[in-house]
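Student: I'd like to ask you about the structure that follows.
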Amino acid sequence: MKVIVLGAGIVGVTSAYQLAKSGHEVTVVDRQSGPALETSFANAGEVSFGYCSPWAAPGIPAKAMKWLFMKHAPLILRPKFDMAMLAWMTRMLSNCTSERYAINKSRMLRLADYSRIALAELRAETGIAYDERMQGTLQLFRTQQQLDASAKDVKALAADGIPYVVLDQDGCIRVEPALRHVREKIVGGLLTPKDETGDCFKFTNALAAQAEALGVRFAYGTTIKALDVEAGRVRGVVTDRDPDRERQRMRAEAVVVALGSYSPLLLKPFGIRLPVYPVKGYSLTIPITDASRAPESTVMDETYKIAITRLGDRIRVGGMAEISGYTNDLGLARRSTLEHSVTDLFPGGDVSKASFWSGLRPMTPDGTPVIGPTKIAGLFLNTGHGTLGWTMSTGSARLIADLVSGAKPEINAKDLAISRYT
């Protein structure tokens, strides 16, 4: 079939690659000048197959109230008259129960573990290099209360067969030797050893080149105006320019929407209510000046919800959740929080040389992405991955390629579809 993929971020490019491998004629459309130039550009670098949890969790409402008054807060809320924001927050709060947390985490772990296998196979078949490391994620606890609270995550990991190790202070330092300089600031940690790290931007660009070699066409610098729908079936998309010059339409038999936070805006005119809302994250990228004081893999600072990741000769510091709509400004207070976390745990780096970035994460209220068909024939969704687009991209791509092709997916995908919200 002729398939159009909307979006050239990590999810869109992996989808295009898998669709081309399935034998389809694929075109990717994106308003940017190349792949991975928005949310996939400078994310935290984690590929978190084990450290993979919904933000909606028991106790989060109470924690959120406390965070709002912290100097270095992991959560920032800029309230405004926005019905989409209000509806999303209401739905998220309804998922902050033990029962919903267990269901949502199980879905996320299922897809993440499938992605772990898919990424390993893709890496073997393509030889792509992207500053990758396979040394796990260390969730670092500064207080005994945090360590005790990790029991619910340990239970979920054990139930799904995901490897983990609970570590004391010495165990954390064995995994991340640079932490010996700040021994007194940590009490323990939770290691998920199958987790990986890597530069999402490098990976996406390298895979886009592989996809082009398979025949995928990339229409960069092209703004998507609307879906082209006739008699309940998608016929393609309307753009601001088109080589066929037929009413500026690109024709296809199937369309995959992988536009991240912007997906709901495209779908709304067709009565598809996709509960995805942008939650802004920030990052710093810092050159390593002393390798002995840098992390080996990813350290997740549980207090500030900030990931500190080794990417070759750089450190990527990423995190925070700012609920402020479709704004992408760079607040100096957010930079201060990132600098505080990394210099507190890994002192000695030169943060004055860091590059500062922000991106809009497409969050669902239950934390699980939306993958699958819609009520419009031929229209499919692969979006809403939140902070885990890099982690879940390769598994999500395999799922969507199977669903578009009419093949049976290798894992259960029914509870990932938008129908779970209706």
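Student: Using each residue's phi in the stretch 91-98, evaluate 6.51 cos²θ - 1.76 cosθ + 1.60 at θ = phi - 60° and report the 3J(HN,Hα) Karplus result to the nearest Hz, with x for Gly and Pro.
Tutor: Result, ordered by residue: 5, 5, 4, 5, 8, 8, 10, 4 Hz.
Student: When every alpha-carbon pair in the chain is counted, what percent end up more than 31 Å apart?
Tutor: Across the chain, Cα pairs with separations above 31 Å total 36 percent.
Student: Here's a follow-up. Give the lysines reachable from Lys202 as a straight Cα distance under 25 Å; neighbours fewer than 8 places away on the same chain don't count.
Tutor: By straight Cα distance, Lys202 reaches Lys21, Lys194, Lys280, Lys305, Lys353.
Student: Report the calculated FRET efficiency for Val166 and Glu410 (r = Cβ-Cβ distance, R0 = 41 Å), to the nearest 0.05.
Tutor: Plugging the Cβ-Cβ distance into 1/(1 + (r/R0)^6) gives 0.85.
Student: To continue, here is another question. Could you report the chain's accessible area per residue, 1.4 Å probe, as an integer in Å²?
Tutor: Per-residue value: 40 Å².
Student: Okay, next question. Once you put a point 7 Å from the Cα of Asp313 and another 7 Å from the Cα of Phe69, both along the Cβ direction, what distance in nm separates them?
Tutor: Label at Asp313, label at Phe69, 4.7 nm between them.
Student: Can you give the extra length, in nm with one decimal, that the chain gains between Arg233 and Lys2 once fully stretched, where that is 0.36 nm per residue apart less the Cα-Cα distance? It would help to have the intermediate numbers written out before the result.
Tutor: Working: separation 231, 0.36 × 231 = 83.16 nm, distance 1.41 nm.
Length gained between Arg233 and Lys2: 81.7 nm.
Student: Right, something else. Which distance in nm do the two modelled labels at Ser98 and Gln145 give, with both placed 7 Å along the Cα-to-Cβ direction?
Tutor: In this crude spin-label approximation the distance works out to 2.0 nm.
Student: A further question on this structure: What do you get when you divide the Cα radius of gyration of the stretch 34-176 by 2.2 N^0.38 Å, with N the number of residues? Don't jump to the answer; show the numbers that get you there.
Tutor: Values: Rg = 17.8 Å, N = 143, 2.2 N^0.38 = 14.5 Å.
That ratio works out to 1.23.
Student: Here is a follow-up. Using DSSP loop states and a limit of at most 15 other Cβ atoms within 10 Å to flag GluC sites (Glu not before Pro), what is the longest stretch of the chain containing no flagged site?
Tutor: The answer is 1-245.
Student: Let me ask you something else. Once fully extended, how much extra length lies between Leu77 and Gln32, figured as 0.36 nm per residue of separation less the alpha-carbon to alpha-carbon distance?
Tutor: Numbers: separation 45, 0.36 × 45 = 16.20 nm, distance 2.84 nm.
So the chain would gain 13.4 nm between Leu77 and Gln32.
Student: If the only charges are +1 at each Lys and Arg Cβ and -1 at each Asp and Glu Cβ, what is the size of the charge dipole of the chain around the Cα centre, to the nearest 20 debye? Walk me through the intermediate numbers first.
Tutor: On the way: 51 positive and 43 negative charges, 214 e Å.
Using Cβ point charges on Lys, Arg, Asp and Glu, the chain gives about 1020 debye.
Student: Can you give the percent of C-alpha pairs in the stretch 183-267 whose distance is more than 22 Å?
Tutor: The share of Cα pairs beyond 22 Å in the stretch 183-267 comes to 50 percent.
Student: Run the dipole for the stretch 58-148 about the Cα centre, Lys and Arg Cβ at +1, Asp and Glu Cβ at -1, nothing else charged, and hand back the magnitude in debye, nearest 20.
Tutor: On the way: 14 positive and 8 negative charges, 98 e Å.
That gives a dipole near 480 debye.
Student: Expressed as a whole percentage, what fraction of the accessible surface of the chain belongs to carbon and sulfur atoms when a 1.4 Å probe is rolled over the protein heavy atoms?
Tutor: Summing carbon and sulfur atoms, their accessible area is 54 percent of the total for the chain.
Student: Among DSSP beta bridges lying fully in the chain, give the percent that are antiparallel, nearest 5.
Tutor: 70
Student: While we're here: As I understand it, the dipole of the stretch 209-328 uses +1 on the Cβ of Lys and Arg and -1 on the Cβ of Asp and Glu, about the Cα centre. Which of Leu284, Phe270, Val299 lies farthest toward its positive end?
Tutor: Working it through, the farthest residue towards the positive pole turns out to be Phe270.
Student: A further question follows. Which trypsin sites (Lys or Arg not before Pro) in the stretch 207-276 sit in a loop by DSSP (not H, G, I, E or B) and have at most 16 other Cβ atoms within 10 Å of their own Cβ?
Tutor: Here the sparse-neighbourhood loop sites are Arg241, Arg245, Arg247, Arg273.
Student: Kirkwood hydrodynamic radius, computed over distinct alpha-carbon pairs, for the stretch 226-375: how many Å, to one decimal?
Tutor: Details: mean 1/r = 0.0547 Å⁻¹.
Hydrodynamic radius (Kirkwood, Cα pairs) of the stretch 226-375 is 18.3 Å.
Student: Now a separate question. Counting each DSSP H run of 4 or more residues in the chain as -39500 (n - 2.57), what helix-only mean residue ellipticity at 222 nm follows after dividing by all residues, to the nearest 500 deg cm²/dmol?
Tutor: So the calculated ellipticity at 222 nm is -10000 deg cm²/dmol.
Student: Which distance in nm do the two modelled labels at Thr126 and Glu25 give, with both placed 7 Å along the Cα-to-Cβ direction?
Tutor: 2.4
Student: Could you give the spread of the C-alpha atoms of the stretch 318-422 along their three principal axes, from largest to smallest, in whole angstroms?
Tutor: 54, 27, 20
Student: Is the shape of the stretch 79-130 best called rounded, prolate or oblate, per the rule: a/c under 1.5 gives rounded, else a/b larger than b/c gives prolate, else oblate, with a ≥ b ≥ c the square roots of the Cα gyration tensor eigenvalues?
Tutor: Oblate.
Student: If I stretch the segment between Thr422 and Asp350 completely, what's the gain in nm (0.36 nm per residue apart, minus their alpha carbon distance), one decimal? Write down the numbers at each step before the final one.
Tutor: Numbers: separation 72, 0.36 × 72 = 25.92 nm, distance 4.99 nm.
Between Thr422 and Asp350, full extension yields 20.9 nm more.
Student: Towards the positive end of the charge dipole of the stretch 326-417, with charges on Cβ (+1 Lys, Arg; -1 Asp, Glu), say which of Asn328, Leu381, Gly349 has the farthest Cα.
Tutor: Projecting each Cα onto the dipole axis, the largest value belongs to Leu381.
Student: Another question, then. Calculate how steeply helix 10-21 sits against the longest principal axis of the alpha-carbon atoms of the chain, using the helix alpha-carbon long axis, and give the answer as 0 to 90 degrees to the nearest 10.
Tutor: Computed tilt is about 50 degrees.
Student: Right, something else. Charges on Cβ only, +1 for Lys and Arg, -1 for Asp and Glu, centred on the Cα centroid of the stretch 103-160; of Ala159, Gln135, Ile117, which one is farthest towards the dipole's positive end?
Tutor: Towards the positive end, the residue furthest out is Ala159.
Student: A follow-up question, please. Once amide H atoms are placed 1.01 Å from N in the peptide plane, what residues at a sequence separation of 5 or more from Gly50, or on another chain, have their amide H within under 5 Å of its amide H?
Tutor: Result for Gly50 returns Asp195.
Student: Roughly how many debye, to the nearest 20, is the charge dipole of the stretch 259-403 about its Cα centre, given +1 on each Lys and Arg Cβ, -1 on each Asp and Glu Cβ, and no other charges?
Tutor: Details: 14 positive and 12 negative charges, 103 e Å.
My answer is approximately 500 debye.
Student: A further question follows. Mean projection of the alpha-carbon convex hull of the stretch 254-335 over all orientations, in nm²?
Tutor: 8.2
Student: Okay, moving on. ³J(HN,Hα) across the stretch 115-130 via Karplus (A = 6.51, B = -1.76, C = 1.60, θ = phi - 60°), whole Hz, x for Gly/Pro?
Tutor: With coefficients 6.51, -1.76 and 1.60, one gets 5, 4, 5, 5, 5, 4, 5, 5, 4, 5, 7, 10, x, 4, 10, 8 Hz.
Student: Taking θ = phi - 60°, what integer Hz values does the Karplus form 6.51 cos²θ - 1.76 cosθ + 1.60 yield along the stretch 49-64, in sequence order, with x for Gly and Pro?
Tutor: 5, x, 7, 8, 9, x, 5, 6, 9, x, x, 5, x, 5, 4, 4
The values are calculated or read from the model by the stated rules, or taken from the named source; none is laboratory data. Here the structure is a predicted model, which means the values were calculated and not measured. Virtual Cβ from ideal backbone geometry, glycine too; neighbours counted across all protein chains shown. All accessible areas refer to the heavy atoms of the entire protein, side chains included, with ligands and DNA or RNA removed. Shrake-Rupley method; radii C 1.70, N 1.55, O 1.52, S 1.80 Å.
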